[in-house]
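One structure below.
The values are calculated or read from the model by the stated rules, or taken from the named source; none is laboratory data. Treat the numbers as computed from the prediction; the structure is a model and nothing was measured. Methodologically, a virtual Cβ is constructed for each residue, glycine included, from the backbone with ideal geometry; neighbour enumeration extends over all protein chains shown. SASA here: full protein model, heavy atoms, side chains in, ligands and nucleic acids out. Shrake-Rupley method; radii C 1.70, N 1.55, O 1.52, S 1.80 Å.
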Amino acid sequence: MSNSPPPQTTTAEPRPVASRSRADGRATIRRIIIAFLTAAVLSTDQLVATAEQMPYGQSRSAVLAASSVLDRAAAGLSLDRPSSAIESALGRDPEPAGSQFATVVATQEPGSSAGSDPPETTPDRRPGNGGPTGAATTSGSGGRTASRSSTDGPPVTHSSLDGTPQRTPAAEVDPVAPVRSISPEDKLRLWAGGDSLGEYVGNQLLHPLSDSELTEVELDYRISTGLARPDYFDWLGQIQAVMGEGQPPDAVIFMVGGNDDQNMLAQSEVVELGSDAWLAEYRRRVAAFMDTTNTGSSLLYWIGLPPMRDDERQSISSEINAILTTEAAKRPWVTFIDLGPQFSGPDGGYQAQITDSDGNQRVARAPDGVHITFAGSTWVADDIWATIVDRWDLTNPAAPPLAPLAVEISEPGLLPG
Amino acid sequence: MLFPTVTFAVFFVAVFLAHLGLKDRPLAWKTMMLAASYVFYGWWNWRFCGLLALSTVANWAFGAVMADLPQRARRVVMVLAAAANLAMLGLFKYYGFFVEALSSSIGTGGLPLLDFVLPIGISFFTFQALSYVVDVYRRNLDGRPLLDFAVYLAFFPQLVAGPIVRATEFLPQLDRLTVRDSPTSPLTRPPIEVSEAAWLIGRGLFKKVVIASYLADTIVDPVFAAPSLASKTDLLLAFYGYAVQIYADFSGYTDMAIGIALLLGFRFPTNFDNPYRALSIQDFWRRWHMTLSRWLQDYLYIPLGGNRISPLVTYRNLMATMILGGLWHGAAWNFVAWGGVHGAALAGERYIGQRRRSWDWLDDEPAAGPSTPDGVTSSKVDDGLATVDATTAEATATQTGTVTAKNPQTGPETEAAAKTATGTAAGGREALWRRVVRTIDRFDRSNSWVGPVVRWFITFHIVGLAWVLFRADSFGLAWDFFTALATAPLGGTDNPMVALVVAAGIAAQLLPSRIGLRLQLIYARMDPTLQSIGFGGWIFLASRLGPEGVAPFIYFQF
């Protein structure tokens, strides 16, 4: 073998050597086990939280039971004190927040299922590996396509982004909420929230908003969240808090659903993804959220899910969009923003690229086939902003001219359907 | 599968047990390690494994084919291999960028945008594969069995984000673990450097989970999302915060990767050496992502001619190397600009160094102070991407696969620069340059702290300005950031703790290295059980102090 030895000039510098610094395999295993056990007994609450984030099912129940036993034992031995001390020092709330869906929904949506989640036992934000995992199981009820028009309620206040003839102009949105006069002294209050999908759009929305002296915006995005797992993050509780503040936002912009392809818990029962019970429960949660934004003066812009590359994911996304469409149609203050036409290919399915008004090709979808790229997000945000400008007449002479977006994108109305 | 997760902990314990159990069965060990690495990689997306396997087989075949060929044919095979690797990288990583750029300028000519899934770590394993083929071509390395090469390319600690380990570094260590001295002799493995591994993993965990995640969540992401909404104080915190964040993120991953590899018996090259301690951009690249700068130097800068041909060609080579290095990080103009800034800074340093030397030669007054014209300072500036003279390095690398520093005292470039200086010394611009350079010289030769501090300050801020291009989602946003930085009201910050973390993050790199080594030594001398409990407590602490969840590592996208 004529291979050269590793270059001495580039390998790690000599380390301090002590007799206790080396070990054979067996001793190393012993050390690893001791280290992991130490970390585990000090973090039993995090083990419980991790178990809770697993998809609902037998595995979750088993892991949750085991970790709960450990957690109780650790608490009995006061091993939870270091974590409590750190949480307190960091100003984090150690008390569980619970799910607001349980207590509010039934009174707000007469047509929704009357059940409620059992009280949750974990805080709304817990350390984990990126949120509750999507369920592996899928129902056989997929295949229904999203309806883009309502047949069981008032006309959908459809804010399509392409500006094609099908689009309902923003100015024609049912003006159920009175349009108040916006000025630099009394700015338009916007609140935008959702999951990571929504965050992409929200961040791009910030640019035109931040250049306008007529708006103030609050972003509240939580990655790996959705409506399926209020035990992980409770969006209904969050929107109740937001709307209950002194002056509720004039407009709420919301986008979730990308993480909701998993089982849910309803009335203490696990409901299978895509089943009728799942769809009913999801509809109930959507309705509850929408109703919470009904202050008489606020509008809700709910951004639908774009087409997904993965077939299973696309199936449930279509179901969610259908629910959003019909629930928005029942509520004049809610505008459903359908991304389907803009992000679909000629066959109506997933398409990664878009062609803008100048005929330039742009990659609109992230490599994961779920998220939207910077260009695509800017595109969506630009149209939402145009809708808001129209709705509140922000282009009056008192308003400053809108700054151009960071990336040149197409104008609404010139995009392919 | 991310390192700082329970999933990876379970995975690693299983792999480690198998590693110990198969120590006397080399073939089984290699097969197990290969399978484990593919499981690790496929955890993101099993489809990625196909591309990795394809790259493995193809590059191994290129190496194998070369073995008995004459030199000219070897060269053809090597060029084919390089083209194939770059084509694969280009297709998956740069095709969309290329079509978008064409679309915005001259039209695509019918080229469609295709929907490729960018495999994680493709840039890393492609560079490693290329280094294998080139090293076989240069006869630094014999062609190896497919299984050995496959283990090298897929070895999970370094697969997705480096360090970029060369075959000449990895394969001899693989042999040490798996090749018997004789058919009947048992395999003996050296003791495991468990304390050092724990130290590295613990350090990396803290950097990533606590520092990088905290800075990203608290200041960097919000400010870069909308710079015009931030106060000047927050913009400055984001500016410095991102410098600390990206270092903590990437070096944290590297620390963990090196520590994990060490537990499995492999010592990887150092990848970071307090980069924000650098006193020049060249010095920075000796300390930042060292395995990439080594790669770029040996497989790009030197083959382009290095600094052997002429000053102008050297500048061109520096620019080309750094711009391509920028493009390696991502298919976007931001990265091209980031590389361009570094290339221009390297070229500028080199230019100033040459002028200094030529003026020194012409000066009546003798050079004062400890440095000679070709002393420590000027020799640092004179060399190319790193401290290696191109001719010497290539010759040395060809013979041994190693790189040895050598600084020529004089050379054709020096003479050329001297002639140039003679011809134009009377010019006003020349006089201005001379004044600037003499001021720098005066600082350097004064033995005071002022010179190094000024150099450090300038270097750090050039690096920081380039980081803004690296971080911003678009040129427009980078411009917004700079504009806001210049025009925003001073304002305050809601995050005073961030300032403390940023200051500590920078200060930690300026402290003498011996402090860290002393702490490591103290840890290594503790009772083994105490070490283990301490390590477990450290994991607990890091997980508590960090924000929820584990954000993806920045360098995974590359």
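In this entry, residue A:347 is excluded by the filter for residues that are among the acidic types (Asp, Glu), under 26 Å from residue B:476 (Cβ atoms) and either touching a Gly at 6+ places or on another chain (Cβ under 9 Å) or part of a loop (DSSP other than H, G, I, E, B) (or both).
Quick one: is residue A:216 in a strand (DSSP E or B), in contact with a Lys or Arg (Cβ under 9 Å, 6 or more places away or on another chain), open to solvent by 10 Å² or more (accessible area, probe 1.4 Å) and modelled with pLDDT of 65 or more? Give the steps one after another, and end with the answer.
Numbers: in a strand (DSSP E or B): yes; in contact with a Lys or Arg (Cβ under 9 Å, 6 or more places away or on another chain): yes; open to solvent by 10 Å² or more (accessible area, probe 1.4 Å): yes; modelled with pLDDT of 65 or more: yes.
Judged against the criteria, residue A:216 is a match.
Go through (1) basic (Lys, Arg); (2) modelled with pLDDT of 85 or more; (3) open to solvent by 20 Å² or more (accessible area, probe 1.4 Å) one by one and return the number of the condition residue B:380 breaks. In the conditions (1) basic (Lys, Arg); (2) modelled with pLDDT of 85 or more; (3) open to solvent by 20 Å² or more (accessible area, probe 1.4 Å), residue B:380 misses (2) alone.
Of all residues in region B:468-519, those that are under 30 Å from residue B:206 (Cβ atoms), away from chain A (no Cβ under 14 Å) and in a loop (DSSP other than H, G, I, E, B) total 3.
Looking at B:533, B:539, B:522, just one residue is open to solvent by 30 Å² or more (accessible area, probe 1.4 Å), free of Cβ contacts under 8 Å to residues at least 60 places away in the same chain and at the interface with chain A (Cβ under 8 Å from one of its Cβ atoms), and that residue is B:533. Looking across region A:236-258, the residues that are out of contact with any strand residue (DSSP E or B) (no Cβ under 8 Å at 6 or more places or on another chain) and open to solvent by 40 Å² or more (accessible area, probe 1.4 Å) come down to A:240, A:241, A:244, A:245, A:246.
For region A:47-94, the tally of residues that are part of a loop (DSSP other than H, G, I, E, B) and open to solvent by 60 Å² or more (accessible area, probe 1.4 Å) stands at 6.
Flag: residue A:328 does not match the condition of being buried (at least 21 other Cβ atoms within 10 Å of the Cβ), among the small types (Gly, Ala, Ser) and within 9 Å of chain B (Cβ to nearest Cβ).
Could you count how many residues in region B:143-165 are touching a residue at least 40 places away in the same chain (Cβ under 8 Å) and within 13 Å of another protein chain (Cβ to nearest Cβ)? Result for region B:143-165: 7. Taking (1) at pLDDT 90 or above; (2) within 16 Å of residue B:37 (Cβ to Cβ); (3) open to solvent by 10 Å² or more (accessible area, probe 1.4 Å) in turn, residue B:170 satisfies each apart from (3).
Counting the residues of region B:266-281 that are open to solvent by less than 30 Å² (accessible area, probe 1.4 Å), part of a loop (DSSP other than H, G, I, E, B) and aliphatic (A, V, I, L, M) gives 1.
Scanning region B:14-27 finds no residues that are out of contact with any Gly (no Cβ under 7 Å at 6 or more places or on another chain), more than 14 Å from chain A (Cβ to nearest Cβ) and buried (at least 19 other Cβ atoms within 10 Å of the Cβ).
Just checking, which of B:3, B:62, B:11, B:16 is under 26 Å from the mean Cα position of the chain (by Cα) and not aliphatic (A, V, I, L, M)?
Only one candidate passes the filter, namely B:3.
Number of residues in region B:61-97 that are within 15 Å of residue B:139 (Cα to Cα), basic (Lys, Arg) and open to solvent by less than 30 Å² (accessible area, probe 1.4 Å): the value is 1.
The rows are residues; the columns are (1) of a type in the set (Asp, Glu); (2) within 11 Å of chain B (Cβ to nearest Cβ); (3) without any contact (Cβ under 8 Å) to a residue 40 or more places away in the chain.
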residue	(1), (2), (3)
A:192	no, no, no
A:195	yes, no, no
A:207	no, yes, no
A:216	yes, yes, yes
A:221	no, yes, yes
A:225	no, yes, no
A:230	no, no, no
A:238	no, no, no
A:241	no, no, yes
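Residue B:306 - would you say it is part of a loop (DSSP other than H, G, I, E, B), in contact with a strand residue (DSSP E or B) (Cβ under 8 Å, 6 or more places away or on another chain) and at positive phi? So residue B:306 fails the test. Quick one: would you say residue A:337 is under 21 Å from residue A:190 (Cβ atoms) and more than 15 Å from the chain's Cα centre (by Cα)? Considered against the rule, which asks whether it is under 21 Å from residue A:190 (Cβ atoms) and more than 15 Å from the chain's Cα centre (by Cα), residue A:337 comes out as yes.
The residues of region A:346-389 that are more than 9 Å from every other protein chain (Cβ to nearest Cβ), acidic (Asp, Glu) and open to solvent by 20 Å² or more (accessible area, probe 1.4 Å), listed by number, are A:347, A:382.
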